[in-house]
1. Out of curiosity, is GLU131 of a type in the set (Asp, Glu) and over 14 Å from the mean Cα position of the chain (by Cα)?
2. So if I check each of VAL6, VAL75, VAL21, VAL88, which one is among the β-branched types (Val, Ile, Thr), open to solvent by less than 30 Å² (accessible area, probe 1.4 Å) and modelled with pLDDT under 95?
3. Report the residue count in segment 127-160 for those that are modelled with pLDDT under 90 and open to solvent by 80 Å² or more (accessible area, probe 1.4 Å).
4. Which ones in segment 47-63 are open to solvent by less than 80 Å² (accessible area, probe 1.4 Å), under 19 Å from the mean Cα position of the chain (by Cα) and closer than 27 Å to GLU32 by Cα?
5. Which pairs do you get when a residue that is under 22 Å from ARG95 (Cα atoms), found in segment 111-126, comes within reach of a residue that is of a type in the set (Gly, Ala, Ser), reach meaning Cβ atoms under 6 angstrom, with the pair 6+ apart or on two chains?
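The values are calculated or read from the model by the stated rules, or taken from the named source; none is laboratory data. As the structure is a prediction and not an experimental result, all values here were calculated from the model. Using ideal geometry, Cβ is built from the backbone for each residue, glycine included, and neighbour counts are taken over all protein chains shown. Heavy atoms of the whole protein, side chains included, go into the accessibility calculation; ligands, DNA and RNA do not. Shrake-Rupley method; radii C 1.70, N 1.55, O 1.52, S 1.80 Å.
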Amino acid sequence: LIPFTVSNFRSFHEEQTLSMVATAGRARTHPENFIAPDAVGSAKFRLLKTAAIYGANASGKSNLVKAFQAMRRFVLESATRMNEGDPVRCAAPFRLASASKTKPSTFEITVIIAQVRCVYGFSVTSQRVEEEQLVVYPAATSKGQCWFHRKFDASTGKHQWEFSGPLETSGKAL
């Protein structure tokens with residue numbers, strides 16, 4: 001995990017990010033607390049092995065965990081248990097601003113899998129997926145490849161899909 005970002009979800013009105021990137025000073029003083037740069041395919045930054053989340057009561061700690069759970073549930077269920085038109089259960093817009101109630105909840109995560117950086121994110125309302133995409137950065141290049149992108153087209157009432165990379169030939173998500 002590099003960063004996890006969420007916005008318009010429960011108590012998170014504006015975009016909030018949990019980053020596992022180590023600051024320069026800490027990386028020198030406690031090298032045993034970091035993931036080796038070779039494991040992440042880049043010597044440009046070091047990642048923390050662990051992080052602690054603390055704060056006052058009602059500061060959003062539990063909602064951060066719920067945001068992780070909502071993203072996990074969406075990833076596990078969207079391709080297998082959800083059908084077009086089903087309500088999207090992970091949408092939970094910020095309630096204290098009237099304009100937020102109609103805007104999508106947004107989630108994005110960057111992970112490294114086998115030294116390949118992958119950025120996956122989506123925006124959802126309770127009615128539908130507004131947008132979803134996966135961008136992959138192969139180890140040999142720093143340029144991202146968008147493997148799939150879907151966006152809801154309000155004029156047609158349908159999703160438009162684009163596939164590339166290994167998904168281009170199959171024309172569908174794995």
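1. Details: of a type in the set (Asp, Glu): yes; over 14 Å from the mean Cα position of the chain (by Cα): no.
Taking the combined requirement at face value, the residue does not satisfy it.
2. Details: VAL6 fails: modelled with pLDDT under 95; VAL75 fails: open to solvent by less than 30 Å² (accessible area, probe 1.4 Å); VAL21 fails: open to solvent by less than 30 Å² (accessible area, probe 1.4 Å).
Exactly one residue qualifies, and that residue is VAL88.
3. Within segment 127-160, residues that are modelled with pLDDT under 90 and open to solvent by 80 Å² or more (accessible area, probe 1.4 Å) number 3.
4. LEU47, LEU48, ALA51, LYS61
5. From segment 111-126, the pairs are VAL124/ALA91; VAL124/SER105; THR125/ALA91; SER126/ALA91.
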